[in-house]
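Derivation of every value follows stated rules applied to the coordinates shown; laboratory data play no part. None of these values were measured; they are calculated from a predicted model. Note: ideal-geometry Cβ built from the backbone for every residue, glycine included; neighbour counts use all protein chains shown.
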Amino acid sequence: MRRGVGEYAAVALPLLAALALAPLVYSNELLLFNFIMFLILAQGLNAIYGFTGYLPFGYVGFFGAGAYGFALAVMHLDASPLLAMACAGVAALALGVVLTPLLRLSGAYFAIANLAAAQAVYQVISNPALQDITKGPYGVTLSSVFAPALSYGVALGILAATLALVAWLRNARLGLALQAIREDPVSAAMAGVAVVRGRTIAWLLSALIAGLAGGVFAWHISVFYPETAFDLSFSIFAIVFTLFGGAATQLGPILGVLLLYGLYNVIGITVPQYFQLIYGVLIVLLVLFLPDGLASLATRRGFRVP
Amino acid sequence: MSPEPLLRVERLGKRFGGFRALDGVSFHIDRGEVLGLVGPNGSGKTTCINVISGLYAPDEGNVLFAGRSVGGRKPHLLARSLINRTFQSPRPFLSLTVRENVEIAATYGRASTAAPAVDVVLERLGLAAEAARRAEDLNSAHQKLLDLARALATGPRLLLVDEIAAGLNPAELLLMADRLRALAAEGMALLVVEHLMGFLERVTDRVIVMNAGREIFDGRLAEAVRDTEVVRVFLGGAAHGG
């Protein structure tokens with residue numbers, strides 16, 4: 001399992017360099033930004049699912065909390081974008097702390113409760129009675145801080161930090177402990193691992209990553225509505241991309257995003273009428289033949305995937 | 001005045017709804033002693049181990065380790081406090097290698113500087129050659145050894161062993177018995193839950209016989225098999241609610 005820094009860098013650096021240079025040769029910057037955002041979200045989901053086995057269907061709740069943490073800081077505190085980014089992280093972390101008791105649940109119960117919690121936050125944010133604070137269902141406009149090039153760069157920085165975090169988890173004592181918890185929490189406890197604390201750390205790291213993704217999303221697009229920031233497809237995509245590529249690795253979620261989100265856009269442009277069908281068939285094939293994701297094609301043959 | 005035993009269990013009680021799994025169980029284990037815990041299925045043996053190892057909190061009574069109350073403490077804290085256990089069905093971390101399984105315990109559960117190094121544990125249990133294999137690729141006998149290795153890597157002074165002999169062949173049984181006796185010879189106290197009388201005879205100094213959540217006998221195994229109450233429980237247990 002333990003690998004040198006070089007192998008993770010060999011995956012991360014070309015990806016980051018390609019995404020940094022891509023706007024020079026490809027004009028659809030929003031599409032490139034979306035790739036970065038899903039790469040961040042997939043790795044963030046990887047931190048909680050890949051290393052502890054909790055599958056958060058309401059992961060978008062942290063993303064939305066981050067987006068609104070950013071927006072509220074800009075609108076009400078007149079915060080600079082970077083300070084607002086910090087507020088986005090804090091907002092998602094705070095929601096993570098509030099939802100920590102959900103970790104007492106497991107399996108489908110956790111997934112459903114997490115989904116319900118995300119919906120509850122969405123309902124509060126979009127409540128017309130809170131229009132003076134959140135702008136309710138009418139959405140927010142953050143034109144005063146609109147800076148697509150800078151926000152693109154910050155998103156790349158967040159992606160770099162997220163990739164480094166996952167590489168660290170793969171190698172650090174904590175990552176080994178988290179994988180032990182995922183395999184068997186009772187046995188992990190008897191190995192001396194503080195199970196509740198380990199799960200909580202992974203949960204909060206995962207929330208922080210989604211919150212920062214939400215913050216930079218808000219900054220980059222500058223105009224959005226509650227249903228945009230809390231769109232359930234963010235959760236679904238992050239889950240599908242991670243599972244398709246292979247959880248608990250750094251490379252797996254990257255492959256998942258590049259292949260599936262790439263395909264999503266190709267289908268969306270060429271044959272949008274078949275999008276649901278093609279995507280559905282792909283997911284069925286994945287569950288049937290590659291339940292551990294693309295990375296398992298290598299691990300089954302004895303190769304280690306960074 | 002005799003020295004304080006390493007483990008003293010006092011009037012331990014545990015209920016699951018209306019079912020009393022443990023009903024005032026009391027016993028002690030001295031340093032370097034191997035105590036057998038026997039009884040029919042459902043008599044409370046594994047529940048007793050689960051309470052001592054912190055997986056269940058006791059409803060009544062107390063667990064004293066080296067004179068200090070540890071009843072209801074979390075299992076990871078007990079693991080770091082020199083109490084560890086194996087499981088009836090071994091529970092290794094299947095996707096991790098044998099070495100990683102033991103490293104986790106050595107890293108997080110090491111209770112003292114006296115805890116053995118990972119390589120020493122693997123060598124001692126004959127797992128050194130398997131160190132790089134994933135736990136899921138081991139046979140059940142090796143998985144039991146890995147379960148034991150995980151426990152030993154924390155350097156426990158009290159080891160709770162839950163039916164480790166089940167499924168082992170005669171040669172493996174003898175080797176396992178020798179390994180447990182060797183641990184006791186080094187001063188470790190062992191509480192061994194087991195059904196195999198031959199194995200118990202080889203390993204234990206003393207046995208507690210349990211029935212319906214209570215201890216009904218405390219003494220040497222040879223005396224237990226002549227005890228009328230013990231014989232009644234084992235031979236006519238079903239008819240008498242065992």
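Rank these for me by crowding, A:Phe289, A:Phe51, B:Phe93, going from fewest to most other beta carbons within 10 Å.
So the residues, fewest neighbours to most, are A:Phe289, B:Phe93, A:Phe51.
Between A:Val281 and A:Leu77, what is the FRET efficiency for a Förster distance of 41 Å, r being their Cβ-Cβ separation, to the nearest 0.05?
0.30
Would you mind counting up the charge near A:Ser143? Only other residues with Cβ under 14 Å from its Cβ, with Lys and Arg at +1 and Asp and Glu at -1. It would help to have the intermediate numbers written out before the result.
Values: positive: A:Lys135; negative: A:Asp78.
Result for the neighbourhood of A:Ser143: 0.
With 10 angstrom as the radius, rank B:Val192, A:Val195, A:Val90, A:Val60 by how many other C-beta atoms surround their C-beta, starting from the fewest.
In increasing order of surrounding Cβ atoms, one gets A:Val90, A:Val195, B:Val192, A:Val60.
Add +1 for every Lys or Arg and -1 for every Asp or Glu among the other residues with Cβ under 15 Å from the Cβ of B:Gly155, and state the total.
Numbers: positive: B:Arg31, B:Arg80, B:Arg85, B:Arg110, B:Arg124, B:Arg150, B:Arg157; negative: B:Glu103, B:Asp119, B:Glu186.
That sum, taken over residues with Cβ under 15 Å, equals +4.
By how many nm would the segment from A:Ala9 to A:Leu21 lengthen if fully extended, with 0.36 nm per residue of separation less the alpha-carbon distance?
Full-extension gain reported as 2.6 nm.
Of the peptides A:249-255, A:110-116, how do they stack up when ordered by the mean number of other Cβ atoms within 10 Å, highest first?
Highest mean packing first, the order is A:249-255, A:110-116.
Treating only the Cβ atoms of Lys and Arg (+1) and Asp and Glu (-1) as charged, compute the dipole magnitude of chain B about its Cα centre; round to the nearest 20 debye.
520 debye
Evaluate E = 1/(1 + (r/R0)^6) for A:Arg173 and B:Ala132, where r is the Cβ-Cβ distance and R0 equals 30 Å; express this FRET efficiency to the nearest 0.05.
Values: r = 19 Å, r/R0 = 0.65.
FRET efficiency, A:Arg173 to B:Ala132: 0.95.
How about B:Lys14: which aspartates and glutamates have a C-alpha closer than 17 Å to its C-alpha, ignoring those fewer than 8 places off in the same chain?
Of all the aspartates and glutamates, those that pass the test against B:Lys14 - Cα under 17 Å, at least 8 places apart if same chain - are B:Asp23, B:Asp59, B:Glu60, B:Glu215.
Using a simple spin-label model with points 7 Å from Cα along the Cα→Cβ vector, what separation in nm is obtained for A:Ser143 and A:Leu31?
Between A:Ser143 and A:Leu31, the label points sit 2.8 nm apart.
So how far, in whole Å, is the C-alpha centre of the range A:45-120 from the one of the range A:234-287?
The two parts, judged by their Cα centres, are 23 Å apart.
Which residue, chosen from B:Ser69, B:Pro90, B:Thr46, occupies the Cα position most advanced towards the positive end of the dipole of the range B:1-94, where the dipole is computed from +1 (Lys, Arg) and -1 (Asp, Glu) charges on Cβ about the Cα centre?
The Cα lying farthest towards the positive end belongs to B:Pro90.
For A:189-202, what's the mean count of beta carbons from other chains sitting within 10 Å of each residue's beta carbon?
That works out to 6 on average.
So, by mean Cβ neighbours within 10 angstrom, what's the order for B:52-64, A:208-220 with the highest one leading?
Packing proxy ranking, top to bottom: A:208-220, B:52-64.
Which of these, A:Ala94, A:Ala22, A:Ala164, has the largest mean-square fluctuation under a Gaussian network model of chain A (Cα springs below 10 Å)?
A:Ala22
Hey, what do the phi angles of the range B:74-86 turn into as Karplus ³J(HN,Hα) couplings, whole Hz, using 6.51/-1.76/1.60 and θ = phi - 60°, x for Gly and Pro?
5, x, 5, 6, 5, 4, 7, 9, 6, 10, 9, 8, 10
Quick check on the exposure proxy: order B:Asp137, B:Asp23, B:Asp30 from fewest to most C-beta atoms within 10 angstrom.
B:Asp137, B:Asp30, B:Asp23
Classify the range A:2-232 as rounded, prolate or oblate from the Cα gyration tensor: take a ≥ b ≥ c as the square roots of its eigenvalues, call it rounded if a/c is under 1.5, otherwise prolate when a/b beats b/c and oblate if not.
Oblate, because a/c is 1.5 or more while a/b does not exceed b/c.
Please work out how much length the chain gains when fully extended from B:Glu186 to B:Arg31, using 0.36 nm per residue of separation minus the C-alpha to C-alpha distance, in nm with one decimal.
Additional length available on full extension: 54.9 nm.
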